[in-house]
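All remarks here apply to the structure that follows.
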Amino acid sequence: MSHAATHDQHDDHHGAPKSFFQRWCMSTNHKDIGTLYLVFALVMFFIGGSFAMLIRAELFKPGLQLMQPYFFNQLTTMHALVMIFGAIMPAFVGLGNWMIPLMVGAPDMALPRMNNLSFWILPFAFTLMLSTLFMAGGGPAGGWTMYPPLSLQSDSLAYVVFAVHLMGISSIMGAINIIATILNMRAPGMELLKMPVFVWSWLITAFLLIAVMPVLAGAVTMLLTDKYFGTNFFNPGGGGDPVLYQHIFWFFGHPEVYIMILPAFGIISEIIPTFARKPIFGYKAMVFAIASIAFLSFIVWAHHMFAVGLPMGAEIFFMYATMLIAVPTGVKVFNWVSTMWGGSMTFETPMLFAIAFVILFTIGGFSGLMLALVPADFQYHDTYFVVAHFHYVLVTGALFAIIAATYYWLPKWSGRMYSEFWAKMHFWNSVIWVNVLFFPQHFLGLAGMPRRIPDYNVAFANFNMVSSIGGFLFGASQLIFLGVLIHGVWFSKKKATDRVWEGAKGLEWTVPSPAPHHTFEVPPVIHDDELAHGHVND
Amino acid sequence: MSETAGCLEKPIHMTQPKMQQPAIDQPDADRRKGVRRTVTILVAIVAAFFLVSFVQIVLMK
């Protein structure tokens with residue numbers, strides 16, 4: 001592997017600041033800020049996960065076991081808000097921060113100081129939001145969608161709205177930074193259609209963020225003015241309409257779903273070629289499929305609202321538009337499988353999680369197709385079938401991709417190899433228990449169990465008990481992940497090589513492991529052979 | 001003056017081996033200009049979205 005020509009051996013001529021405060025609070029370095037995002041996401045993942053454990057403990061048996069219904073509603077609301085805005089999104093931003101400059105040969109993000117601000121807004125936003133749990137009126141309890149009039153009854157609405165505004169500002173700044181970096185900071189020779197798919201997926205995701213976060217800000221501001229300033233946007237008594245909120249929210253909410261899955265597509269498109277030792281099948285098709293999915297995400301929002309009484313024409317339009325998303329998604333799944341076909345495959349932990357992603361995300365996709373059917377959705381709407389569907393997409397989809405990416409790039413970050421044995425233990429425990437946790441919820445939903453309830457009919461008892469056992473063990477499995485991370489970052493004796501994985505291609509593998517504090521201060525000389533997609537235009 | 005300098009220094013791309021890209025073909029100033037232009041456009045888009053939301057709130061009230 002001759003890659004010396006692409007690496008400037010003198011990159012690390014000045015290291016990280018020595019003082020803890022200078023390094024982590026004042027950092028403008030994309031790697032340090034990426035690390036901050038990832039650590040923040042991990043902390044939020046365990047906080048949101050502890051809420052999930054409480055939810056599953058309450059649902060272990062019929063009847064009220066541990067808490068009052070209002071607190072249960074707070075837990076479901078907070079679990080979603082923390083996991084979506086605190087864990088999944090910051091984890092992807094952290095991965096983007098770490099890897100995008102390395103992948104395109106840039107010395108840092110285009111706007112390093114704004115990068116620092118984008119991150120440091122988040123801990124304040126989440127402290128504000130989580131603090132409501134300790135207040136007299138309790139936290140938000142109207143669901144993460146914050147539908148009026150239910151959400152307007154909460155005393156903590158103003159706190160949550162302010163926290164959402166802060167998260168939105170952070171996301172918009174992060175998105176602007178990523179677009180500016182990708183469009184302007186690429187090394188010479190890194191043409192757009194030679195960029196790694198992960199970089200493409202983030203470029204498209206960043207445009208989605210810019211388009212929809214202001215819409216969310218507008219929607220929650222209207223909630224605030226309805227509650228405190230005498231407006232009646234969503235109050236029928238004053239001439240308003242609560243369905244208007246649902247339209248505005250889901251115009252944000254559906255692209256938001258893709259904001260949480262498109263970077264995952266990019267990650268899987270990096271990992272599978274590495275461990276199949278083949279270039280990705282259909283690179284351009286993969287890029288255009290991501291762009292198509294992003295476009296379609298703007299014209300399907302009302303499939304979340306089939307049950308509110310939309311005109312028939314609208315329901316049919318949104319049904320077909322939703323089903324259309326299966327086409328580019330199918331292209332991606334086909335291409336991942338085709339990349340593996342005939343490849344010289346090995347099954348290290350990142351690859352195991354990637355394969356699990358392809359299979360289990362597809363299950364989530366299929367249940368999504370079922371939900372897209374208007375007549376069927378009338379039965380499935382607001383049942384556990386929906387809960388099962390979006391957890392297959394977000395846990396075995398987005399979260400598994402984040403875990404796969406962590407194992408894939410951790411040796412590059414820390415310079416040490418993690419324990420493959422314990423990582424595989426983490427994988428097999430996760431993949432078994434996550435299915436025990438969520439698969440029975442399909443049956444519960446089809447049998448009619450509504451979501452967001454602390455108590456239920458005894459007819460649903462068995463599947464709920466199985467689901468809760470799966471939940472506890474899936475939660476416990478993540479402690480193995482934590483152990484593997486701590487060992488892999490600080491204690492592992494096995495040093496990582498620069499390229500780490502035999503089949504890995506791309507600029508990020510041409511720098512030493514661990515990646516020096518400063519990289520590519522002189523733009524690298526790019527050989528097409530070094531790039532995973534260097535010969536795409538040949 | 002500039003002609004003399006041009007004779008003494010070959011353009012960067014002529015000194016590179018055939019299969020390599022020139023090490024620096026976009027000066028820092030161009031990059032900074034590009035970043036500024038990108039950020040201006042994106043901020044304008046975000047501001048427009050916020051403004052539309054605000055106008056919507058005011059008009060509907």
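Some observations on this one:
- Counting only residues that are within 30 Å of A:E502 (Cα to Cα) and among the small types (G, A, S), region A:270-323 holds 4 of them.
- Candidates A:F491, A:F472 - the one that is under 30 Å from A:R452 (Cα atoms) and of a type in the set (F, W, Y): A:F472
- Among all residues of region A:524-531, there is none that is out of contact with any His (no Cβ under 7 Å at 6 or more places or on another chain) and more than 14 Å from chain B (Cβ to nearest Cβ).
- Check on A:V436, farther than 30 Å from A:P516 by Cβ and either in contact (Cβ under 8 Å) with a residue 12 or more places away in the chain or surrounded by fewer than 18 Cβ atoms within 10 Å (Cβ to Cβ) (or both): yes
- Filtering region A:483-514 to residues that are of a type in the set (A, V, I, L, M), in contact with an Asp or Glu (Cβ under 8 Å, 6 or more places away or on another chain) and assigned to a loop (DSSP other than H, G, I, E, B) leaves only A:V511.
- Single condition A:F295 does not satisfy, out of (1) under 17 Å from A:A326 (Cα atoms); (2) touching a Phe, Trp or Tyr at 6+ places or on another chain (Cβ under 7 Å); (3) not acidic (D, E): (2)
- Test for A:P62: is it at pLDDT 90 or above and of a type outside the set (D, E): yes
- Helices (runs of 4 or more DSSP H) within chain B that include 2 or more residues more than 7 Å from chain A (Cβ to nearest Cβ) and at pLDDT 50 or above: B:28-60
- Total residues in region A:126-169, condition buried (at least 23 other Cβ atoms within 10 Å of the Cβ), aliphatic (A, V, I, L, M) and more than 21 Å from A:W250 (Cβ to Cβ): 1
The values are calculated or read from the model by the stated rules, or taken from the named source; none is laboratory data. Note that the structure is predicted; figures quoted are calculated from it, not measured. Don't worry about glycine lacking a Cβ; one is built from the backbone with ideal geometry, like all the others, and counts go over all protein chains shown.
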